[in-house]
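The values are calculated or read from the model by the stated rules, or taken from the named source; none is laboratory data. This structure is a prediction, so every number in the text was calculated from the model and none was measured. These area figures cover heavy atoms from the full protein model, side chains too; ligands, DNA and RNA do not enter into them. Shrake-Rupley method; radii C 1.70, N 1.55, O 1.52, S 1.80 Å.
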Amino acid sequence: AQAIFHWQAPATSIKLNGSLHLLAPDFVKAVALSPLNQPLFILTSNSTQFQAIDIPAAQTMEGALKALVRQYGIAIEQVELGNWLSGRLGSQIETVQPLGWDREKRGYWLVIKEIIRKEKIVSRMLIDPATQEILARVILNSERQAMATISYGDRDQEQACQPPKTIKISDLPYGAGLSIRLSRVTPGPSKLSSKEFTIQIPDTFTRQILP
């Protein structure tokens, strides 16, 4: 899908066009483009590893995906970015606990414990009872405190398998947040393979490895 990425933090606001490819449950590839449609930055991830490639600087950061998300205050052992950005549940649900109706009457809140590669991940989720779609996911730490919120909007009611066209990640440390606006979303089974979510790094690039 074509994408507009908008990163906001104190004293910083960056908006770039690009593309976003998702392959549930784990795979993500985001490409940010320059005004001349040249790649500036590429982020890829699979179930455990990530690559962040800064093309103008000729450098990369790569390593364990959990190390990357911890830099943004999300201290968890397992991540399913493909599902999280698509607004989907994981394939293995251990428990569902009802919390009550949303104060703004948007839907019903549940606490859902998912199993991701043997790790238990707990989230508060806002569900639309009419469509059964996830409207928001609040990722919780072991003390049930919020680490990040992912909100979803503008879903295609005729193509339920498509990701939402609006994705907003908020409640990150220091007030940072990322919003993604999608267009020209390709429906149905993806033609992408998992191999397309790994980039060959040129030998001339400086590489930083996160453990």
Find the relative contact order for the stretch 1-129 and round it to a whole percent, using C-alpha pairs within less than 8 Å whose residues are 6+ positions apart. 14
So how far, in whole Å, is the C-alpha centre of the stretch 114-134 from the one of the stretch 18-69? 25
Restricting to lysine pairs 8 or more places apart or on different chains, what number in the stretch 1-142 have Cα atoms under 21 Å apart? 5
With the chain treated as a Gaussian network of Cα nodes joined by springs under 10 Å, which of 201, 112, 76 yields the largest mean-square fluctuation? 201
Take the chain, connect every pair of alpha-carbon atoms lying under 10 Å apart with a spring to form a Gaussian network, then pick out the residue of 24, 57, 32 with the largest mean-square fluctuation. 57
Hey, in the GNM for the chain with a 10 angstrom Cα cutoff, which one of 183, 19, 142 fluctuates hardest? 142
In square angstrom, rounded to the nearest 10, how much accessible surface does residue 72 have for a 1.4 Å probe? 100
In whole percent, how big is the carbon plus sulfur part of the accessible area of the chain, probe 1.4 Å, protein atoms only? 52
